[in-house]
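Some notes on the structure that comes next.
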Amino acid sequence: MSVVMPRVVTRGVVFIHSTPTALCPHIAWALEGVLDTRVALDWTPQPAQNGGMRTEFSWTGGQGTGAQLASAMRGWDGLRYEVVEEASRGTDGARWVHTPALGIHHARLSANGDVVINEDRVRSMMASAGGQWGTFSAEMDVALGAAWDAELEHFRYAGEGAPVKWLHKVG
């Protein structure tokens with residue numbers, strides 16, 4: 001007799017901070033391919049990028065859907081995005097951030113949205129820093145995704161006035 005484990009459902013948001021107009025339908029198709037459902041995106045101009053577009057999209061899916069969504073859009077020229085997957089039963093939340101200049105960054109998130117850096121990673125950063133505070137600080141910035149946040153910040157602010165997507169606690 002086999003036991004069927006219930007599927008754990010989670011929620012998240014895809015933020016397309018900026019993309020060339022030509023990629024808009026491809027992004028929709030990529031999201032639809034992962035979610036296996038029709039996706040309607042409300043595109044608005046991105047004031048921080050001449051000719052760029054932006055959108056936000058809330059999704060619901062099984063654990064790991066965020067990683068699949070981020071992977072589906074990875075590496076496209078001119079695309080800046082974030083994918084957030086909320087914490088769900090048995091797993092932390094996660095955030096994937098992509099910029100053309102930096103590529104993709106992944107971080108685990110606590111229930112309140114803070115980046116979580118596990119003990120082994122902190123110990124590794126301490127060892128490689130060799131007691132040099134500047135080196136440790138630089139490694140911490142990488143682990144936290146500081147460069148990605150800095151690059152995306154003016155695209156986020158340019159989106160003020162856009163519809164707000166609220167995350168909900170699952171589980």
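Coordinate-derived values only; no laboratory data. Everything numeric in this text was worked out from a predicted model, so none of it was measured. FYI the Cβ positions are ideal-geometry reconstructions off the backbone, even for glycines, and counts take in every protein chain you see.
Here is a list: ARG80, ARG121. Which entry is basic (Lys, Arg), within 21 Å of GLU153 (Cα to Cα) and either surrounded by 15 or more Cβ atoms within 10 Å (Cβ to Cβ) or in contact (Cβ under 8 Å) with a residue 12 or more places away in the chain (or both)? Spell out how you get there, then give the answer.
On the way: ARG121 fails: within 21 Å of GLU153 (Cα to Cα).
Going through ARG80, ARG121 in turn, just one is basic (Lys, Arg), within 21 Å of GLU153 (Cα to Cα) and either surrounded by 15 or more Cβ atoms within 10 Å (Cβ to Cβ) or in contact (Cβ under 8 Å) with a residue 12 or more places away in the chain (or both): ARG80.
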Subject >> Test: residue in region 124-133 that is surrounded by 15 or more Cβ atoms within 10 Å (Cβ to Cβ) and of a type in the set (Phe, Trp, Tyr) >> reply: no
